[in-house]
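Here is the structure we will look at, set down as structure tokens.
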Amino acid sequence: MTPRCHSICSLEPLLRIYEGCGRAYLGEVEGSNLIKIHRRTGKLSYLVYPGFEDDPHPALVRCVKMNLRTRKVECFEYGDSENPPVLHRKETFLNPDHALHAKFAKLTAQEEMSGLLDDASGIGTREGWLKRLAERGFALKGHRLVRAKA
């Protein structure tokens with residue numbers, strides 16, 4: 001079983017149907033590694049985070065959003081952005097038995113204990129996140145939070 005199938009196959013049946021309908025209409029969205037399912041609005045977002053496994057807070061490169069009700073498709077490109085959206089709490093997107101879940105959860109716990117995630121406003125972009133780290137005197141070393149050198 002592929003990692004993609006493992007994650008999708010673990011969803012409840014209705015959500016698997018939503019995703020299957022989107023994939024049937026759009027085809028494979030190249031490079032997508034996260035799928036956001038908007039239950040109430042009938043929308044799907046296929047998200048491309050190339051550095052998901054290696055970057056502690058990967059930047060969003062592309063989002064392809066489809067409304068299953070209207071079949072309207074919107075594409076958002078962030079690859080050339082100097083300040084792209086970044087991802088936090090990566091473990092929440094993985095099954096608990098995934099090999100990287102514990103590693104990602106440990107970083108999130110460190111960030112929570114340090115108060116970095118208390119106020120989500122302003123940290124959703126690369127610049128905002130780096131500013132928060134600097135203001136609080138922290139840096140990242142891989143998937144570890146460390147005190148920044150003065």
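The values are calculated or read from the model by the stated rules, or taken from the named source; none is laboratory data. All figures in this text were calculated on a predicted structure; none of them were measured in a lab. Methodologically, a virtual Cβ is constructed for each residue, glycine included, from the backbone with ideal geometry; neighbour enumeration extends over all protein chains shown. Side chains included, ligands, DNA and RNA excluded: accessible areas come from the protein's heavy atoms. Shrake-Rupley method; radii C 1.70, N 1.55, O 1.52, S 1.80 Å.
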> Within the set of pairs 6+ apart or on separate chains, which have a first residue in segment 90-119 that is over 18 Å from Ala148 (Cα atoms), a second that is open to solvent by 20 Å² or more (accessible area, probe 1.4 Å) and among the hydroxyl-bearing types (Ser, Thr, Tyr), and C-beta atoms under 9 Å apart?
Replying inline: Phe93/Ser7; Leu94/Ser7; Asn95/Ser7; Asn95/Ser10; His98/Ser7; Phe104/Thr92; Ala105/Thr92
> If you check Glu111 against the conditions, is it open to solvent by less than 40 Å² (accessible area, probe 1.4 Å), assigned to a helix (DSSP H, G or I) and closer than 19 Å to Asn33 by Cβ?
Replying inline: no
>> Name the residue that is modelled with the highest pLDDT, counting only residues in segment 39-65 that are small (Gly, Ala, Ser) and part of a loop (DSSP other than H, G, I, E, B).
In response: Gly51
> Quick one: is Glu135 assigned to a helix (DSSP H, G or I) and either open to solvent by less than 30 Å² (accessible area, probe 1.4 Å) or out of contact with any Gly (no Cβ under 9 Å at 6 or more places or on another chain) (or both)?
Replying inline: yes
> Limited to segment 85-94, what total is found for residues that are assigned to a loop (DSSP other than H, G, I, E, B) and open to solvent by less than 70 Å² (accessible area, probe 1.4 Å)?
Replying inline: 3
> What residue, of Glu82, Glu53, is surrounded by fewer than 16 Cβ atoms within 10 Å (Cβ to Cβ), of a type outside the set (Phe, Trp, Tyr) and under 16 Å from Gly142 (Cβ atoms)?
Replying inline: Glu53
> Is it true that Arg144 is in contact (Cβ under 8 Å) with a residue 12 or more places away in the chain, over 20 Å from Arg23 (Cα atoms) and open to solvent by 40 Å² or more (accessible area, probe 1.4 Å)?
Replying inline: yes
> Which condition number in (1) open to solvent by 90 Å² or more (accessible area, probe 1.4 Å); (2) modelled with pLDDT under 95; (3) within 14 Å of the chain's Cα centre (by Cα) is the one that Asp97 fails?
Replying inline: (3)
